[in-house]
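**Q** Take this structure first; my questions come after.
What follows draws every value from the coordinates through simple rules; no lab data is involved. Predicted model only: the values in this text are computed from it and were never measured. Virtual Cβ from ideal backbone geometry, glycine too; neighbours counted across all protein chains shown.
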Amino acid sequence: MRSLIDILELSTKELDELISTADDIIENPQKYAHKCDGKKLATLFFEPSTRTRLSFEAAMYELGGNVIGFSEAQSSSASKGESVADTAKVISCYADIIAMRHPKEGAPLVASMNATVPVINAGDGGHNHPTQTLADLLTIHREKGRFNNLTVGLCGDLKFGRTVHSLIAALRRYENVKFILISPAELKLPDYVKESLTKDNVDFVETTNLEEAIKELDILYMTRVQRERFFNEEEYLRLKDSYILTPEKLVNAKKDMAILHPLPRVNEISVAIDNDPRACYFKQVLYGKYMRMALILKLLEVE
Amino acid sequence: MKVDSIKNGIVIDHITAGKGMEIYSLLGLDQLECSVALIRNVPSRKMGKKDIIKIDADIVIDTAILGFVDPDITVNIIKDNKIIDKKTIELPEKLVDVLKCKNPRCISMTEQELSHIFTLADRENRVYRCLYCETKAK
C-alpha cells in the first residue's frame with residue numbers, strides 16, 4: 001500500500017505513467033467511468049479549499065466511486081481534540097483512500113503512518129502540495145511536450161507557496177532545467193529548497209524584476225500571496241500586490257510561453273490576460289482532475 | 001586530579017570541554033547505580049581541554065546521540081583493564097525525541113503523542129531536518 005505525501009516519492013518513470021494514464025483518460029473517459037465502482041474516497045479538509053476538494057471529488061465520481069468527508073476542521077472531531085493519528089485510524093475503517101488537507105505541516109505524513117488505506121497529501125500548510133504539482137506537470141507536458149530544456153520562472157510568494165516547492169522538487173530531476181525565482185526579498189524561496197538545487201547543480205537565479213526576467217521564460221508560474229500564511233496582517237497588506245501580471249508586462253515574453261497559476265487568483269494576473277493563448281491556468285484546473293483520477297487509480301492499484 | 005581506572009566499563013573520551021554535563025544528561029547516566037565519573041576540563045594535547053566520562057559497568061550506551069551532540073568523541077570499551085574496542089562516532093541517520101521542531105506550523109507542535117523525529121539531510125554540513133515539515137534543526 002502506498003500513499004503520496006511528497007512529489008519526490010514518485011519516480012520520473014511513475015510520473016510518466018501517470019501522465020500517460022491522464023492522457024488516456026482525456027481521450028477515452030468512458031473506459032474509466034466504472035473503474036472505482038464500490039470504492040470510497042474520504043476528503044478530510046481541515047482547512048477550506050473548495051477547488052482542491054471538488055477536484056478530488058469530481059475525480060472520484062468520474063471513476064464511478066463515492067465520496068465522504070468534511071470541508072472544515074469545525075465539522076470534524078478535530079474540534080473535539082482528536083489527534084490526526086486517531087482520525088486516520090478511524091477513517092481507514094470507512095474509506096478506501098484518503099485525501100487530506102491540513103494547516104499543520106506534516107499532518108498528512110502522520111496520517112499515512114497511522115492509516116491502513118492510502119493517504120494523499122492535498123496540501124499541508126506551506127509545505128507540500130503534490131497533486132497540484134501533478135496538475136502543473138500535465139499542463140507543462142501538454143503545452144510544451146517536454147520537461148527537459150526549460151527555463152521556468154516562479155513569481156510571487158516563493159516562501160510559503162507550497163506549490164512552488166513541490167514543482168521545483170519535481171522539475172529539478174530533469175536535464176537542463178533553469179529556475180528564475182522572482183519575488184520580494186521577504187518572500188524568497190526557503191534556504192532548504194535552494195540548498196537542494198545547489199546540491200544537484202541545478203541552475204537558478206533570484207531576482208525581484210519580473211519585466212526583465214520574463215524575456216527568457218518558457219514557463220511563468222504565478223502565485224498568490226496568501227493571507228492565511230501570515231501571522232501579521234500588516235505584512236500581508238504590504239506584500240500582496242508585489243507582482244501583478246498585465247498585458248504590458250507580457251510584451252517582451254516569448255510567443256509560446258505558458259502562464260500557469262495554481263489558483264485561486266486574487267489580482268496577480270490581470271483578467272485581460274485570460275484570453276491570451278499563453279494563459280493555461282484554467283486548463284491546468286481540468287488537468288488537475290485528470291491527474292488526480294490517474295493517481296487514485298494507481299494508489300488503489302486498479303488496473 | 002586522579003580518578004581510578006576502571007576494570008570493566010566505558011570511557012567516553014575527547015568530549016569537547018563543557019559538553020560533558022549535556023552528554024551525561026542525554027545518556028541518562030544519572031539513572032545508573034554504578035560509579036560514574038564526569039571529569040571536566042582535563043588538559044589535552046590535541047584539544048587543549050576536554051571532558052571525560054567514565055562508567056564503571058558493562059552496559060550498552062546509545063552512541064548515535066553522541067554523534068549528533070559532539071562528533072569527535074571516542075568511546076572506549078574496557079574489559080579486564082584493557083581497551084578492547086575503540087569507537088569513533090558517526091552522525092546518526094535519525095534522531096528520535098532528542099530535538100524539538102521550532103516551526104510553529106509543524107504538526108509536531110500540536111500532536112502531543114507524536115515523537116519528535118529528525119533525519120540527517122546533509123552529512124557534510126551536519127544538517128538535520130524535521131521529518132514532518134523539513135525545517136532545519138537549530
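**Q** How do A:Tyr221, B:Tyr128 line up, fewest other C-beta atoms within 10 Å first?
**A** With the sparsest Cβ surroundings first, the list reads B:Tyr128, A:Tyr221.
**Q** Further, regarding this structure: Can you give the direction-averaged projected area of the convex hull of the alpha-carbon atoms in chain A, in nm²?
**A** Spelled out: convex hull of the Cα atoms, projected over all directions, averaged, 15.2 nm².
**Q** Oh, and also: If you restrict to DSSP beta bridges whose two residues both lie in chain A, what percentage is antiparallel, to the nearest 5?
**A** Beta bridges within chain A, antiparallel portion: roughly 5 percent.
**Q** Can you tell me the length gained on complete extension of the stretch A:Lys254 to A:Ile26, counting 0.36 nm per residue apart and subtracting the Cα distance?
**A** Extending this stretch completely gives an extra 79.3 nm.
**Q** Could you pull out which residues in the stretch B:19-43 have an amide N less than 17 Å from a spot 7 Å beyond the Cα of B:Ala57, following the Cα-Cβ vector?
**A** B:24-38
**Q** For the pair B:Lys79 and A:Asn176, how long in nm is the line joining their label points, each one 7 Å along Cα→Cβ?
**A** 6.1
**Q** Next question, about the same structure. Residue-wise, which Karplus ³J(HN,Hα) couplings in Hz belong to the stretch B:76-90, taking 6.51 cos²θ - 1.76 cosθ + 1.60, θ = phi - 60°, and x for glycine or proline?
**A** 9, 9, 10, 9, 6, 6, 10, 6, 9, 8, 10, 10, 9, 9, 9
**Q** Then there's this: Given points 7 Å out from each Cα along the Cα-Cβ axis, report the A:Thr208 to A:Tyr61 separation in nanometres with one decimal.
**A** Output for this residue pair reads 4.7 nm.
**Q** Further, regarding this structure: Out of residues 5 or more away from B:His14 or on other chains, whose amide H comes under 5 Å of its own, with H placed 1.01 Å from N in the peptide plane?
**A** Here B:Thr74 satisfy the definition.
**Q** Here's something else I'd like to know. Could you pull out the pairs from A:Lys104/A:Lys255; A:Lys159/B:Lys50; A:Lys13/A:Lys40; B:Lys46/B:Lys82; A:Lys40/B:Lys100; A:Lys289/B:Lys136 whose alpha carbons sit more than 31 Å apart here?
**A** A:Lys104/A:Lys255; A:Lys159/B:Lys50; A:Lys40/B:Lys100; A:Lys289/B:Lys136
**Q** Further question: Karplus couplings for the stretch B:40-51 from phi (6.51 cos²θ - 1.76 cosθ + 1.60, θ = phi - 60°), rounded to Hz, Gly and Pro as x?
**A** So the Karplus estimates, Gly and Pro as x, are 9, 6, 6, x, 9, 5, 6, 10, x, 9, 8, 10 Hz.
**Q** Order of A:His34, A:His127, B:His116 from fewest to most other C-beta atoms within 10 Å?
**A** A:His34, B:His116, A:His127
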